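The values are calculated or read from the model by the stated rules, or taken from the named source; none is laboratory data. None of the values given here were measured: they were computed from a predicted structure. Please note: Cβ atoms are built from the backbone with ideal geometry, for glycine as well, and neighbour counts cover all protein chains shown.
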Amino acid sequence: MGLSSATTATEAIKLCIFDLRRGQQEGQELDKILFFFPAHLPFSTQLSVIGLSEGLITFTRIFSPEAACEVIEAERHSHVFYEAEPDIWMVMVVEKNETEAIWRIDALQKVLKEVHSLFLMFHGSIRALLEKEPAGGLIRSHLYPFIMDYLRDFLFGKKLLLPSFRDCLKERGTVQMLTVSREAAIEVQSLVKVLESCAGNTPCYSLILFQDLLVSTTLSPVDTINLFTYAVLRLTPRALSSGVSSWSYLRKGSTASHVTTGSMLAHSASVSEQVYGLQDTSPRGDNSYYVARPLQQDRWSKGKDGFLVTDIWGAEAGSSTSVTPTVWLQQTEERMYLCAYQYRSLTLILLVPVLSILNGEQGVSLLKQHVLENASLKMLKVEEKLSKGWGGENAYHVSGYRYLLVDGDRNVSRASPPGKVTTLTKESLLSLNKVREEVDLEKHQMESDNARFEKDMEVSIRAKNNAWVIARITKGKELYMVLEKADETLLYASDAVEKFSNRYCNGAFSLD
């Protein structure tokens, strides 16, 4: 595929990461570029984008030294900013569509936050890698394959499909919980205790999922979100069987389109290697370190013993045995072995400190054996009970409603099933997107004033297609709703929300 084809494929979006502490001397400007997509663009173009971003950051700091620049709206582009680490900036430049407001800035910011959080979980901080190898080759060799593998879920044909107005009933940075019966909850807690006993006196953590929903976690909120996100991306039964994450915003397409996507990414990766001189990071290469690529698709599979296996982390020296994956937990600030077990629709992730396993891979194998010997029957019983209570993909569908519930305090969300959301008209989704933008602005204002978002807020509008679009926010909880087959009066729509709140939200959004 020629360079011109790749250029037309991604010209509407640019994504870069740069370090404000680097490249301040004349002739050293390229040093500040840590990542740039599309990589085939000339250095002059890359430096122009980063130079403009740096100027906007510096200028806005004059008026708001404490609050980082978040978005700049130009005539043709939206510039979305995220300071991932001190002086490490991620910037997305999105070309505007002249006919409709496709992008919601907060949703784009959450894409930047998500990719950085996942990178942090697997590779540690960007700044730490820069300090380890100041020339920048080490951090670039990690960032380029990682982010390109992440973007693969968004590439469809010749377009990069980031969250648009059609995704306004989704919320990144949250987990989706499975509602379980009291009897099932007791069995789950019993399983968690057995898992902890398998590690002996070593402190360990666990995450249990059913389908793509969280059942139990002993991790901190931030680590739970990161592990949950990765599990849905690459580890759950649906992700393993389809080869495409169920977290993806991809639209269904032909096989030919996916082949084109793979060709594009392969070409983009090869260009980045040529431009930045990245070394071969395969186990057979001559480089002194191996760069794991945890976001590669189709690299996890289920072993005969039920544990998931992958060769992403390479092989043990002098052996064909794959190295056990590791992640970095922010809660404990230590690296942990990731052991994932799967039985039917149940996925169990056990995390054990690397330093506590004295014999490396042999010790991990022994730990897995203990889990199989002591917890197998418990896992089977839990899966059976959860399956009996499972209502299918439409379990949380409420007839007549299309909704999104967000609990900001617990970082939990619940929404209408994607298949039901697709029944909404374009006008309804565009109207909801605008309502969510209003709420985002109010929340950001509260944050800039160093105030917790506890203000009660309600927005109700009548869309062009006569649908009611409603948002209610109270005490850290948010409810967004579309009623397409409602009466013309606001009183009718308000009454419908009251009924939903009382029945499904314990009255949290009721006006009484």
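Scanning the stretch 64-99 for residues that are assigned to a loop (DSSP other than H, G, I, E, B) and of a type in the set (Gly, Ala, Ser) yields Ser64, Ala67, Ala68, Ala74. Just one of the listed residues (Val382, Val352, Val364, Val327) is in the same structural domain as Val222 (by TED's automatic domain parsing), without any contact (Cβ under 8 Å) to a residue 60 or more places away in the chain and of a type outside the set (Gly, Ala, Ser), namely Val364.
Looking for something under 28 Å from Ile186 (Cβ atoms) and either touching a Leu at 6+ places or on another chain (Cβ under 9 Å) or surrounded by 20 or more Cβ atoms within 10 Å (Cβ to Cβ) (or both) - is there at least one such residue anywhere in the stretch 357-366? No: the stretch 357-366 contains no residue that is under 28 Å from Ile186 (Cβ atoms) and either touching a Leu at 6+ places or on another chain (Cβ under 9 Å) or surrounded by 20 or more Cβ atoms within 10 Å (Cβ to Cβ) (or both). Just so you know, in the stretch 15-59 the residues that are among the polar types (S, T, N, Q) and crowded, with 18+ Cβ neighbours inside 10 Å include one that is nearest to Leu112 (Cα to Cα), and it is Ser53.
Among the residues of the stretch 68-76, is any touching a strand residue (DSSP E or B) at 6+ places or on another chain (Cβ under 6 Å), within 24 Å of Glu133 (Cα to Cα) and of a type in the set (Asp, Glu)? No, the stretch 68-76 contains no residue that is touching a strand residue (DSSP E or B) at 6+ places or on another chain (Cβ under 6 Å), within 24 Å of Glu133 (Cα to Cα) and of a type in the set (Asp, Glu).
Scan the stretch 1-19 for residues that are over 15 Å from Met148 (Cβ atoms), at pLDDT below 95 and either of a type outside the set (Ser, Thr, Tyr) or assigned to a loop (DSSP other than H, G, I, E, B) (or both) and jot them down.
Met1, Gly2, Leu3, Glu11, Ala12, listed by residue number.
As a summary of the residue check, Gly391 satisfies the conditions (1) out of contact with any strand residue (DSSP E or B) (no Cβ under 8 Å at 6 or more places or on another chain); (2) at pLDDT 95 or above except for the one numbered (2). With the checklist (1) within 25 Å of the chain's Cα centre (by Cα); (2) under 29 Å from Ala67 (Cβ atoms) in hand, flag the one item Gly419 doesn't pass. So Gly419 meets the others, but not (2). When Asn374 is tested against the conditions (1) part of a loop (DSSP other than H, G, I, E, B); (2) in the same structural domain as Ala199 (by TED's automatic domain parsing); (3) touching a residue at least 40 places away in the same chain (Cβ under 8 Å), the lone failure is (1).
Among the residues that make up the stretch 439-447, is at least one of them touching a residue at least 60 places away in the same chain (Cβ under 8 Å) and in contact with a Gly (Cβ under 8 Å, 6 or more places away or on another chain)? Taking every residue of the stretch 439-447 in turn, none turns out to be touching a residue at least 60 places away in the same chain (Cβ under 8 Å) and in contact with a Gly (Cβ under 8 Å, 6 or more places away or on another chain).
Inspect all residues belonging to the stretch 236-247 and state whether any of them is buried (at least 22 other Cβ atoms within 10 Å of the Cβ), assigned by TED's automatic domain parsing to the domain that holds Val371, outside any helix (DSSP H, G or I) and modelled with pLDDT of 95 or more. Within the stretch 236-247, one or more residues are buried (at least 22 other Cβ atoms within 10 Å of the Cβ), assigned by TED's automatic domain parsing to the domain that holds Val371, outside any helix (DSSP H, G or I) and modelled with pLDDT of 95 or more.
With respect to His40, determine if the residue is in the same structural domain as Leu155 (by TED's automatic domain parsing), part of a loop (DSSP other than H, G, I, E, B) and in contact with a Leu (Cβ under 8 Å, 6 or more places away or on another chain).
Working: in the same structural domain as Leu155 (by TED's automatic domain parsing): yes; part of a loop (DSSP other than H, G, I, E, B): yes; in contact with a Leu (Cβ under 8 Å, 6 or more places away or on another chain): yes.
When the stated conditions are applied, His40 passes them.
Take the conditions in contact with a Lys or Arg (Cβ under 8 Å, 6 or more places away or on another chain) and not in a strand (DSSP E or B) and apply them to Leu295. Does it pass? Against the criterion (in contact with a Lys or Arg (Cβ under 8 Å, 6 or more places away or on another chain) and not in a strand (DSSP E or B)), Leu295 qualifies.
When restricted to residues that are at pLDDT below 80 and either buried (at least 17 other Cβ atoms within 10 Å of the Cβ) or touching a helix residue (DSSP H, G or I) at 6+ places or on another chain (Cβ under 7 Å) (or both), the stretch 93-114 contains 3.
Between Leu250, Leu195, Leu233, the distinction of being at pLDDT 50 or above, within 18 Å of the chain's Cα centre (by Cα) and not assigned by TED's automatic domain parsing to the domain that holds Leu155 belongs to Leu233 only.
Residues that are farther than 19 Å from Tyr82 by Cβ and either touching a strand residue (DSSP E or B) at 6+ places or on another chain (Cβ under 6 Å) or among the hydroxyl-bearing types (Ser, Thr, Tyr) (or both) within the stretch 30-63 comprise Ser44, Thr45, Ser48, listed in sequence order. The set of residues in the stretch 74-88 being over 20 Å from Lys113 (Cβ atoms) and either loosely packed, with under 14 Cβ neighbours inside 10 Å or modelled with pLDDT of 90 or more (or both) consists of Ala74, Glu75, Arg76. Filter the stretch 126-159 down to residues that are buried (at least 20 other Cβ atoms within 10 Å of the Cβ) and part of a strand (DSSP E or B), then give me how many there are. Here the count works out to 1.
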